[in-house]
1. Going down the table (Lys49/Lys115; Lys32/Lys85; Lys47/Lys85), which pairs top 27 Å between alpha carbons?
2. Treating the angle as unsigned and between 0 and 90°, give the value, to the nearest 10°, between the Cα long axis of helix 62-88 and the longest Cα principal axis of the chain.
3. How high is the relative contact order of the chain, in percent, counting Cα pairs under 8 Å that sit 6 or more residues apart?
4. Amide H to amide H, which residues 5 or more places from Tyr13 or on other chains are under 5 Å from it, using H placed in the peptide plane?
5. If you put +1 on each Lys and Arg Cβ and -1 on each Asp and Glu Cβ, how big is the dipole of the chain around its Cα centre, in Debye rounded to 20?
6. Looking at the square roots a ≥ b ≥ c of the eigenvalues of the Cα gyration tensor of the range 27-122, which shape do they give, rounded for a/c under 1.5, prolate if a/b is larger than b/c, or oblate?
7. For the chain, find the longest principal axis of its Cα atoms and tell me its angle to the long axis of helix 50-59, 0 to 90°, nearest 10.
8. Going through the range 68-125, which chymotrypsin sites (Phe, Trp or Tyr not before Pro) have at most 15 other Cβ atoms within 10 Å and a DSSP loop state?
Amino acid sequence: MNKSSFEQNGGTYRMVGDYRIPNITLPAEASKPLGVWGLKYKDYLMKHKRVQFNIMLMTGTLLTHLAEIDEQASAMFYRLVEQMKVNEGITEKFKADDQMEWVARMNNIEARAKKIVNHELIFTA
């Protein structure tokens, strides 16, 4: 019997009943818990970049890549929020003086920071 190209490249099979099943395993990948940014990026890849998603999944680099994006996006988000707070004069004194206005401004800052992170890192072309 001729060897298949899989066997010619060093692959092996196991018999299950009458069927030959290839012995394929994915490389071990460090599993870090993903935050909101990593999960959002994973969803984007699955829906809009299917080939890239499948390649990373098959090569065992998907979780590492998602964890890196999650870490970068989180750092960028917190950095942006802090910069916007400084630029707009949002201080602890302002928080103590007018809590409702402080909450409204912080919500606005966080919404803008999320939009920037989504545009720059998550939903990239």
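1. From the list (Lys49/Lys115; Lys32/Lys85; Lys47/Lys85), the Cα-Cα distance tops 27 Å for Lys32/Lys85; Lys47/Lys85.
2. On a 0 to 90 degree scale, this one is about 10.
3. 24 percent
4. HN-HN under 5 Å from Tyr13: Asn23.
5. 460 debye
6. Prolate, because a/c is 1.5 or more and a/b exceeds b/c.
7. 60 degrees
8. When the chymotrypsin sites (Phe, Trp or Tyr not before Pro) of the range 68-125 are filtered for loop state and at most 15 Cβ neighbours within 10 Å, Phe123 remain.
Only the coordinates and a few stated rules stand behind these numbers; no lab work does. Owing to the predicted nature of the structure, the values given are computational and were not obtained by experimental measurement. Quick reminder, even Gly has a Cβ in these numbers, built from the backbone with ideal geometry, and neighbours come from all protein chains shown.
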